[in-house]
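For reference, the structure discussed in these notes is given below.
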Amino acid sequence: MRLDRFLTSQNAATRREAKELCRAGLVRVNGEPVRDASMNIDPAADMVLLRGVPVEFKEHLYVMLNKPQGVICATEDGRHQTVLDLVPPELYRRGMAPAGRLDIDTEGFVLLTDDGDFAHRMLSPKHHVPKTYQAVLEHPISSEEIKVFCGGIVLSDGTKCLPAQCRIVQEGDNPLAEVVLYEGKYHQIKRMFEAVGNHVERLKRIKIGGLELDPNLLPGECREMLHKECGLILGSNLSQK
Ligand code: URA
């Protein structure tokens, strides 16, 4: 990989800055100053220092966002703020996109990455990555509804859902249920509850695979995910990469 491309891909400099920094002798590769930004390096093996500070090589970035209501899961939109607008420049990568969508009024865990292969494995029903949601409901949930969800509910338009898990978290005035899905159909949880005569008042995704949304992230905040957290999302599948 060209040195200037390496520096831009790691958010260390713009292409132009990379050229100037090299010319000024501020970039070293394996200890030697390199004045030609077009030089090829091996990002996995070579040690690049910028102003004496190592530039760590990360092939991809994985970001955990606590999506607030009113923001859409898209890379651009003329009317609404998008999840990418909430990613600070130092965590942004070219090609970054949300892995899957939450509705505009759904809150919670959205993963953004420039690793299309990872996103595909996280979303494909074939890989069975569970997504866990908390739903505030209009009516208390019955054990009959739970049974129907477990068996794979058929929605009003005839769409057949995969078996899901459902448990009651809170009864009373603001009934709260936790639902685990292994797929992501359009408005799925809202339509599942509509199909049994209930209504979702508020929805939040709290977990993807074995990884919970970081409780320290306020709505609208995000942070980089650790390698082991990516592993918790895909489970044992990560080691196959
Ligand atoms: N199910 C829904 O109805 N909406 C979402 O955003 C996610 C799951």
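A few remarks follow.
- Enclosing the Cα atoms of region 53-206 in their convex hull gives a volume equal to 135 cubic angstrom per residue.
- Legend: calculated FRET efficiency, E212 to T159, from the Cβ-Cβ distance at R0 = 30 Å, rounded to 0.05, equals 0.55.
- Label zone at A24, where the point sits 7 Å out along the Cα-to-Cβ direction: region 47-89 residues whose backbone N lies under 18 Å: 49-55
- Cα gyration tensor shape of region 175-240, rounded if a/c is under 1.5, else prolate or oblate by comparing a/b with b/c: oblate
- Cross-link pairs beyond the 28 Å C-alpha cut-off, checked among K67/K126; K67/K185; K160/K228; K147/K204; K126/K190: K160/K228
- For S38 and K58, a Förster radius of 22 Å and the Cβ-Cβ distance give a FRET efficiency of 0.50, rounded to the nearest 0.05.
- Per-residue 3J(HN,Hα) values for region 15-20, derived from phi via the Karplus relation 6.51 cos²θ - 1.76 cosθ + 1.60 with θ = phi - 60°, read 4, 5, 4, 4, 4, 5 Hz in sequence order (x marks Gly and Pro).
- Difference of contour (0.36 nm per residue) and Cα-Cα distance, E201 to T14: 62.8 nm
- Averaging the sequence gap over all C-alpha pairs within less than 8 Å and six or more residues apart, then dividing by the number of residues, gives the chain a relative contact order of 19 percent.
- Computed from point charges on the beta carbon alone (+1 for Lys and Arg, -1 for Asp and Glu), the dipole magnitude for the chain about its Cα centre is near 680 Debye.
- Positive-pole candidate from V110, N174, A97, dipole of region 87-241, charges at beta carbon: A97
- Across the alpha-carbon atoms of region 73-149, the computed radius of gyration and Dmax are 16.0, 49 angstrom.
- When the GluC sites (Glu not before Pro) in region 149-231 are filtered for DSSP coil states and for at most 13 other beta-carbon atoms within 10 Å of their beta-carbon, the remaining sites are E171.
- Inter-site label distance for D117 and L176 at 7 Å from Cα along Cβ, in nm: 4.0
- What you get for region 1-46, charging only the Cβ of Lys and Arg (+1) and of Asp and Glu (-1), is a dipole of about 200 debye around the Cα centre.
Each reported figure results from applying straightforward, stated rules to the coordinates on display, with no laboratory input. Quick caveat: nothing in here was measured; it's all calculated off a predicted structure. Cβ atoms come from the backbone with ideal geometry, glycine included; neighbour counts cover every protein chain shown.
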